[in-house]
């Protein structure tokens, strides 16, 4: 414990040291990048008149005309350095025995409490008589106790300042790393743009050349035809003129008249029709890399290519197109993503319930990128915003389920590998929107999906045992909803109604996803019954809807489930490759889309957008006006 203050002083001295000379700052100067160095050190480092690099961040710094001395001074750092140099360590008693008086040839023996100074007997008689006094030892103890309190308070304040300085340095490193990533992304996007534009240029020049040759051929064919007629008619006219100049009656012949008459009444030749080569610029989406906007031509089709399919994803930026729902009006749809490890790409990791999705009140879309062990965040227009790794504070976690709570925090259900037993362990972690871990707990039973009842601030986990466990945010188990028994009774009754022979009771599994509507009702999709089970927020069974099939109101392998502001229920009907809407009573309303390959998860935005992930294509689809 005694070494801690010295370590703190050392930390302060390190923060107030020049990174060039490694000594306390002397006439500290601040560069445009906000790094600080001694004036003499900068003078030696900068040279004369040429741009130089900052020794810390390598940024190019332009030397002012007046030289290094014209950079701003940092008076606060200068003052702190002066204080640190003048500081003297005080140890032991404040008033050591044997200290002698400055005015009399004797030792100090008393402490005047009124004047607050040590005095000898002669000083007391001359100027302090009648003043309250105490012994030097007692005064030293009292002073030492008081001073120690101030010292402790000062040490605590210094530790807070040092912690703040360390956080600023960490933030600086983070900003530098983000800058490098953005620079690399810009360079990569630029190189791809150049390559794509070069390909487009070559293709367009080739098309223009071919169109030009075809037009020249048409003109030449028309010219040859007209020149043939011109030659015949000109020859007939010349012959007639010669015959009229000669003596005789040859011009009375009908031959010339017949030749000229052949062209009488003909209109002027029809102009040759050519096909102009027209190039029309194509508007392209603009991706956002961090806070830097970069125009992208990567998804722009070639002029002669077929229109882009709605099933072809883009990388990290929204691909906008209209579509036609079955028997309805066209809706607007944005598709982005694709399989991969890069920003804006996803990896399902082979999990059937991967690419879970949640939407915040502000319209930010959170995607559980299962195979890449991260959460990616996008706007409702498909623009990448940020990402953060899914960790429980100690080790990497594979996310399977996500949900937003009423305070705008994100709950993630996933599993980690226990370092001791090497077995999978399911945990629930609460993150801020930026990815900072707030709290975590481990469900009683294995679970893979999570939902939040914002009315009561309860966290619900869908367990492999086909039960729903309800927790407080701190991980306290409140109750367990016995879904397994309700499912078994429903499936047995359905079997009896179908006239199937009685069989041995079995455990009906395959509960897939759950959600909580605005009234607190709990909805669970179930693939075995090809339907949805609905409970109130206290766990009482209300009703079931659905059934196996491909008709209206029927499902095959339902997965993701959510509700909209009107209470309508939206289900990802995976095996039927579509997304369906039911009203709050379970009655079929419509098919939202029927052209998915494997709809896995669904989420409804407050702004009215529906987000659907496609596991097989590793894409995210955002529907509006549906």
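Quick note: the coordinates plus some simple rules give every number you see, no bench work behind them. The structure presented is a predicted model; accordingly, all values stated were derived computationally and were not measured. All Cβ positions, even for glycine, are placed from backbone atoms using ideal geometry, and neighbour counts span all protein chains on display.
Side notes on the structure shown:
- Of all DSSP beta bridges in the stretch 512-578, antiparallel share, percent nearest 5: 95 percent
- Centroid-to-centroid separation of the stretch 527-553 and the stretch 417-465 [C-alpha atoms, Å]: 25 Å
- Ranked by the mean number of other Cβ atoms within 10 Å per residue, highest first, peptides 70-81, 441-452, 613-624, 36-47 order as 613-624, 441-452, 36-47, 70-81.
- Simple spin-label estimate for residue 386 and residue 23 gives 4.3 nm between the two label positions (7 Å along the Cα-to-Cβ direction from each Cα).
- Residues of the stretch 115-150 with amide N under 14 Å of a point placed 7 Å along Cα→Cβ from residue 101: 117-130
- Computed over the stretch 355-513, Cα set: Rg, Dmax in Å: 17.9, 56
- A Förster distance of 30 Å, applied to the separation of the beta-carbon atoms of residue 331 and residue 360, puts the FRET efficiency at 0.85.
- Two-site FRET efficiency, residue 422 against residue 131, from Cβ-Cβ distance with R₀ of 56 Å, rounded to 0.05: 0.10
- Label sites at residue 171 and residue 230, each approximated as a point 7 angstrom past Cα along Cα to Cβ, lie 8.2 nm apart.
- Treating r as the C-beta distance of residue 616 and residue 192 and R0 as 30 Å, the FRET efficiency rounds to 0.70.
- Paramagnetic label zone (point 7 Å from Cα along Cα-to-C-beta, residue 494; backbone N under 13 Å) in the stretch 536-550: 544-550
- Taking each residue as 0.36 nm, the span from residue 56 to residue 153 lengthens on full extension beyond its C-alpha to C-alpha distance by 31.6 nm.
- According to the calculation over all Cα-Cα pairs in the stretch 562-626, the P(r) per 5 Å bin from zero is 4, 20, 31, 26, 14, 4, 0 %.
- Simple spin-label estimate for residue 245 and residue 79 in nanometres, 7 Å along Cα-Cβ: 11.6 nm
- Neighbour-count order for 580, 50, 407, fewest beta carbons within 10 angstrom listed first: 50, 407, 580
- Semi-axis lengths, largest first, of the ellipsoid equivalent to the stretch 146-206 are 58, 5, 4 Å, with √(5λ) applied to each eigenvalue of the Cα gyration tensor.
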